[in-house]
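The values are calculated or read from the model by the stated rules, or taken from the named source; none is laboratory data. On a predicted model such as this, the values are computed, not experimentally measured, just so you know. Virtual Cβ from ideal backbone geometry, glycine too; neighbours counted across all protein chains shown. Note: accessible area is taken over every heavy atom of the protein model, side chains too, but ligands, DNA and RNA are not part of it. Shrake-Rupley method; radii C 1.70, N 1.55, O 1.52, S 1.80 Å.
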Amino acid sequence: MLTLMAIIIDGLVYASWVFVVALGLTLIFGVMKILNVAHGAFYSFGAYGAASLIGLYSQTGLPVAGGFAIIIFSAIGIGLVLGFALERVLLRPMYDHDEVVLVLVTYSAFLMMEDVLRLIWGSGAYFAYQPFVAVGFVEIGEMVISNYDLLLVGFAFSLGAAGWWLLTHSRFGHILTAVIHDREMATSFGVNVVKVFVITFVLGAILGALGGAVTAPKVSVTPGMGVEVIVLAFAVVAIGGMGSITGAMIGAVMVGLARAAAVHLFPEIELFVIYAVMAGVLAWRPEGLFTRVQARKI
Amino acid sequence: MWKFNSAVKAGSLAALVSVAGATAPMAQDTMKVGVVAFLTGGASGPFGIPARNAAELIIDAINNGDMPGAYATPGIGGAQIEPVYVDEAGGSTTQVTEMRKLVQQQGVGAIVGYISSGSCLAVAPVAEELKVLTVLFDCGTPRIFEESDYHYVFRTAPHATMDNVGAARYAMDSMDGITAYAGLNQNYAWGQDSWRDFTYVMKQLNPDAKITKELFPKIFAGEYGAEISALLISRSSVLHSSFWGGDLESLIFQATARGLPQRLPMILTTGETVASRLADKLPDGTIVGARGPHGMLANDSALNTWFREAYVKRFGEEPTYPSYHMAQGFLGLKSAADKAAAAKGSAPDTEETIAAFEGLEFEAIGSTVKMSLAGGHQAISETAYGTFKFNKETGTPEITNVVRYAAECVNPPAGQSSVDWLKAGMPGATCN
């Protein structure tokens with residue numbers, strides 16, 4: 001029973017972390033049909049930015065709660081700047097090219113941004129543990145659960161719900177849906193598709209940076225951290241279906257629970273199990289769980 | 001062959017090496033040395049950059065004759081070192097290509113490098129083919145010389161078996177009532193070999209203790225929530241981990257935030273590397289090692305004092321064990337070349353330097369290194385472990401209850417592989 005509880009809690013925490021990262025990735029693909037490898041760099045910049053600012057903030061002696069505000073607002077700031085710059089400078093001139101070319105463009109952007117990151121922050125590690133430690137933990141029997149992790153679960157769920165509401169109940173969501181289904185028809189009805197692309201890409205960049213920013217207090221922020229997470233996020237997005245928010249959420253939960261179960265019960269297959277889940281789903285539904293063959297949707 | 005940019009002035013060199021404490025380097029006589037370490041990627045921060053920093057420091061000091069004691073003579077074998085830095089990132093195939101470039105295009109006379117065991121395994125045969133004297137300074141796998149014989153390859157750092165024999169011995173020496181133990185190690189050769197060696201020794205020293213968890217998360221995973229939960233409910237007495245760098249720091253943050261160290265004291269074989277950086281974030285009572293007597297575990301000596309002060313002055317931080325290992329590599333090379341030069345009375349060639357290197361015993365920074373294994377190509381040294389404590393009064397990290405284990409206590413004897421030695425119950429081990 002204790003192990004089952006641990007698997008569920010650990011699985012949900014892991015799923016929340018992966019979902020926050022994967023959300024921006026699936027949003028950009030759903031609307032723009034771009035497999036954005038540079039998402040890993042948004043994640044890294046978000047982590048470094050939050051770690052630096054929290055480090056500076058913690059020296060002021062002000063309440064630790066301010067660190068949570070820094071996580072949110074630093075991610076928004078970084079996502080705005082990087083997302084807009086990348087879309088405007090590198091992607092916009094390439095929209096008419098094949099999707100494979102766009103993947104290569106984002107990959108080269110990723111490599112360049114990793115080097116820029118090193119120029120700014122160097123190769124040393126940064127810490128931002130204060131918010132993580134400050135909220136403490138709860139004990140349930142022999143289990144000890146970090147309150148930061150519980151907050152992360154709630155945050156990821158709220159983010160998913162907000163994304164769903166935005167797409168299904170807001171005017172912008174309806175416009176996005178129109179662009180997703182038929183870009184040319186949407187244009188003929190007066191939708192400014194380029195503007196929609198800019199907003200979508202910046203939103204995706206903010207979400208990528210947010211993934212890094214919420215992770216920063218839990219880890220040592222080091223060069224290369226975006227490489228590992230982008231592979232995992234791709235797996236989650238592939239399971240759920242490229243471009244589906246619901247799919248990303250379900251994919252994240254499947255991956256999280258499978259990994260947690262493996263760690264607790266069969267640790268030797270922990271690495272294998274994530275990709276086994278992905279392979280199993282894709283063998284059954286090559287388009288992923290929540291992607292319709294005829295029409296992509298968010 | 002040594003590569004001199006100009007003809008060696010044999011008479012001058014003979015005079016140089018025969019006069020202890022000679023002051024003037026032969027500025028026109030230089031030798032290119034390849035220096036290979038991770039300069040980019042996840043391993044650069046904790047390993048590659050400290051190693052490169054140490055290389056810069058030690059090369060300048062060797063060229064200028066600024067080092068204390070036996071190393072005060074300028075140059076190696078009388079020649080000034082001209083370093084050629086190469087990034088170790090990119091994988092084994094890249095490193096093989098880079099080694100060929102170093103030798104065939106750059107004309108290096110020797111190479112000091114390689115942190116990754118994968119790199120070492122890949123380049124060692126190529127070094128033989130190219131006939132280039134190669135000093136492996138940091139990689140840990142025992143397989144290098146246990147699976148092959150090399151003439152041109154030396155390793156001046158002990159291999160990883162020492163780290164885990166020392167860890168197990170210290171755990172048994174310093175902790176009471178270990179009835180069960182768990183392992184959390186990265187899922188590649190380093191982590192798997194470390195855990196294997198640790199468990200072999202524990203089975204010898206404490207056969208009644210049970211293994212409760214054997215966890216191998218992916219390297220650079222960063223998120224260890226499930227692993228920490230599994231350890232929390234494992235009812236183990238102690239946790240062994242060979243984590244390093246950012247993974248180690250992330251583990252410490254996440255474990256501490258959930259009270260793991262209070263329930264399950266940690267043995268961290270590379271823990272010293274983060275002791276200064278994390279300070280009070282590293283839990284008191286954590287057992288730490290440094291892959292030898294390095295950093296805060298180094299023996300007091302004039303050389304160690306000079307190295308630490310010079311490193312802090314130049315780079316603004318304390319040197320960790322990769323820095324010590326890099327310096328050790330260059331000191332080994334210098335000792336061998338100087339010995340060969342002194343015997344010959346002029347600049348030695350590669351074969352003469354190799355002959356001097358085999359079986360060499362030299363003073364490193366914080367320890368004495370003996371090239372005892374693999375026909376004199378593999379180093380052994382003593383090692384040290386201690387218990388971390390943050391001194392709140394002084395605001396400084398400390399390592400207490402330091403125990404030093406003689407080289408012959410924690411390393412296999414010549415002619416026997418690590419695994420065979422451990423399986424046999426470490427016959428011939430001579431401890432303090």
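Using the Cα centre as the reference, give the magnitude of the dipole from point charges on the C-beta atoms of the protein assembly as shown (Lys, Arg: +1; Asp, Glu: -1; all else neutral), rounded to the nearest 20 debye.
1520
Treating the Cα atoms of segment A:2-284 as identical point scatterers in vacuum, please give the log10 of the normalised Debye intensity I(q)/I(0) at q = 0.11, 0.12, 0.13 Å⁻¹, two decimals.
Results for segment A:2-284 at q = 0.11, 0.12, 0.13 Å⁻¹ read -0.64, -0.76, -0.89.
Around B:GLN80, which amide H atoms from residues at least 5 apart in sequence, or from another chain, sit under 5 Å from its own amide H, with H modelled in the peptide plane?
When sequence neighbours closer than 5 places are left aside, the close amide H contacts are B:ASP29, B:THR30, B:MET31.
So what's the back-of-envelope 222 nm ellipticity for chain A, counting only DSSP H runs of four-plus at -39500 (n - 2.57) apiece and dividing by all residues, rounded to 500? Kindly include the intermediate steps, with their values, before the conclusion.
Numbers: 12 runs with 215 residues, N = 298.
Result for chain A: -24500 deg cm²/dmol, rounded to the nearest 500.
Based on the Cβ-Cβ distance from B:SER417 to B:GLN104, what FRET efficiency comes out when R0 is 35 Å, to the nearest 0.05?
Given R0 = 35 Å and the Cβ-Cβ separation, E is 0.55.
With the Cα gyration tensor of chain B giving a ≥ b ≥ c as the square roots of its eigenvalues, does the rule (a/c under 1.5 for rounded; else a/b larger than b/c for prolate; else oblate) give rounded, prolate or oblate?
Because a/c hits 1.5 or more and a/b exceeds b/c, chain B counts as prolate.
Most fluctuating residue of A:SER188, A:SER16, A:SER123 in a GNM of chain A with Cα springs under 10 Å: which is it?
Ranking A:SER188, A:SER16, A:SER123 by mean-square fluctuation puts A:SER188 first.
Using only atoms on other chains, find how many Cβ atoms lie within 10 Å of each Cβ of peptide B:245-256 and report the average. Let's see the in-between values first.
On the way: counts 3, 9, 3, 1, 7, 10, 2, 2, 9, 7, 0, 3.
Counting Cβ atoms of other protein chains within 10 Å of each residue's Cβ and averaging gives 5.
Working with all protein chains in place, sort B:CYS409, B:CYS431 by solvent-accessible area computed with a 1.4 Å probe, largest first.
Result of the area sort, largest leading: B:CYS431, B:CYS409.
What accessible area per residue, rounded to a whole number of Å², is obtained for segment B:296-432 using a probe radius of 1.4 Å?
Value returned for segment B:296-432: 38 Å² of accessible area per residue.
Looking at B:PHE216, A:ALA22, A:SER158, which one has the Cα that reaches farthest to the positive end of the dipole of the protein assembly as shown (charges on Cβ: Lys, Arg +1; Asp, Glu -1)?
Final value for the positive-end residue is A:SER158.
Taking both sides together, what accessible area is buried at the B/A interface, probe 1.4 Å, expressed in Å² and rounded to the nearest 100? Could you put the intermediate results ahead of the total?
Details: alone 15770 and 14050 Å², together 26780 Å².
Heavy-atom accessible area buried at this interface is about 3000 Å².
Taking each residue of A:118-130 in turn, how many C-beta atoms of other protein chains fall within 10 Å of its C-beta, and what is the average?
Partner-chain Cβ atoms within 10 Å, mean over residues of A:118-130: 4.
Sorted by accessible area with a 1.4 angstrom probe, largest first, how do A:PHE68, A:PHE266 fall?
Listed by decreasing accessible area, they come as A:PHE266, A:PHE68.
What Kirkwood hydrodynamic radius, in Å, does segment A:1-146 give when the mean of 1/r is taken over all pairs of distinct Cα atoms and then inverted?
Numbers: mean 1/r = 0.0566 Å⁻¹.
Answer for segment A:1-146: a Kirkwood hydrodynamic radius of 17.7 Å.
To the nearest 10 square angstrom, what accessible area does A:THR60 show with a 1.4 Å probe?
Here the accessible area works out near 80 Å².
Can you give the helix-only mean residue ellipticity at 222 nm for chain B, where every DSSP H stretch with n ≥ 4 adds -39500 (n - 2.57) and the sum goes over all residues, rounded to the nearest 500 deg cm²/dmol?
Calculated mean residue ellipticity at 222 nm is -12000 deg cm²/dmol.
Give B:LYS101/B:LYS339; B:LYS32/B:LYS101; B:LYS101/B:LYS334; B:LYS203/B:LYS370 a once-over and call out the pairs whose C-alpha atoms are over 22 Å from each other.
Long pairs (Cα-Cα over 22 Å): B:LYS101/B:LYS339; B:LYS101/B:LYS334; B:LYS203/B:LYS370.
List the chymotrypsin sites (Phe, Trp or Tyr not before Pro) in segment A:134-193 that DSSP assigns to loop (not H, G, I, E or B) and whose Cβ has at most 13 other Cβ atoms within 10 Å. Which are they?
Of the chymotrypsin sites (Phe, Trp or Tyr not before Pro), the ones in loops of segment A:134-193 whose Cβ has at most 13 other Cβ atoms within 10 Å are A:PHE189.
For the residue pair B:ALA343 and A:ASN192, what label-to-label distance in nm results when each label sits 7 Å from Cα along the Cα-to-beta-carbon direction?
8.1
Taking 0.36 nm per residue of sequence separation and subtracting the Cα-Cα distance, how much length would be gained by fully extending the chain between A:LEU104 and A:LEU119, in nm to one decimal?
Here the segment from A:LEU104 to A:LEU119 would lengthen by 3.1 nm.
Under 1.5 on a/c is rounded, so check that first for the protein assembly as shown, then, if it is not, pick prolate when a/b is larger than b/c and oblate when it is not; a ≥ b ≥ c are the square roots of the alpha carbon gyration tensor eigenvalues.
Prolate, because a/c is 1.5 or more and a/b exceeds b/c.
With a 10 Å cut-off between alpha carbons and a GNM built on chain B, which of B:THR368, B:THR320, B:THR156 moves the most?
B:THR368
Any residues in segment B:185-211 that have 10 Å² or more less accessible area with all protein chains than in their chain alone, probe 1.4 Å, and which are they?
For segment B:185-211, once contacts with the other chains are taken into account, B:ASN187 lose 10 Å² or more.
Amide H of B:TYR85: which non-local residues (sequence gap of 5 or more, or other chain) have their own amide H closer than 5 Å, using H built in the peptide plane?
B:VAL35
Express the carbon and sulfur contribution to the solvent-accessible surface of segment A:2-284 as a percent, rounded to the nearest whole number, probe 1.4 angstrom.
74
Under DSSP H, which helices of chain A have Cα atoms covering 18 Å or more of the helix axis and a Kyte-Doolittle average no less than 1.6?
Helices meeting the criterion: A:2-32, A:66-86, A:193-215, A:225-240, A:245-265, A:270-284.
About the Cα centre of segment A:2-284, how large is the charge dipole given +1 on each Lys and Arg Cβ and -1 on each Asp and Glu Cβ? Please answer in debye to the nearest 20. Provide the component values of the computation, followed by the final result.
On the way: 9 positive and 15 negative charges, 129 e Å.
Charge dipole, segment A:2-284, about its Cα centre: 620 debye, nearest 20.
Under the rule a/c < 1.5 gives rounded, and otherwise a/b versus b/c splits prolate from oblate, where does segment B:261-410 land using the Cα gyration tensor?
Prolate, since a/c reaches 1.5 and a/b exceeds b/c.
Keeping every protein chain in place, order B:VAL410, A:VAL64 by accessible area at 1.4 Å, biggest value first, i.e. largest first.
My answer, sorted largest first, is A:VAL64, B:VAL410.
Shielding of A:264-271 by partners, i.e. mean partner chain Cβ atoms within 10 Å per residue? Walk me through the numbers on the way to the answer.
Numbers: counts 8, 1, 0, 11, 4, 0, 8, 5.
That works out to 5 on average.
Given the options A:ALA128, A:ALA252, A:ALA205, which has the most mean-square fluctuation in a GNM of chain A, springs set between C-alpha atoms less than 10 angstrom apart?
A:ALA128
Set the Förster radius R0 to 30 Å, insert the Cβ-Cβ distance between A:ALA279 and A:ASN147 as r into 1/(1 + (r/R0)^6), and round the FRET efficiency to 0.05.
Calculated transfer efficiency: 0.25.
If you put +1 on each Lys and Arg Cβ and -1 on each Asp and Glu Cβ, how big is the dipole of segment B:301-373 around its Cα centre, in Debye rounded to 20? It would help to have the intermediate numbers written out before the result.
Details: 7 positive and 10 negative charges, 41 e Å.
Using only the charged Cβ atoms, the result is roughly 200 debye.
Are there trypsin sites (Lys or Arg not before Pro) in segment B:357-432 that DSSP puts in a loop and that have at most 15 other Cβ atoms within 10 Å, and which ones?
Of the trypsin sites (Lys or Arg not before Pro), the ones in loops of segment B:357-432 whose Cβ has at most 15 other Cβ atoms within 10 Å are B:LYS392.
Accessible area per residue of segment A:62-172 at 1.4 Å probe, in Å²?
Dividing the accessible area of segment A:62-172 by its residue count gives 53 Å².
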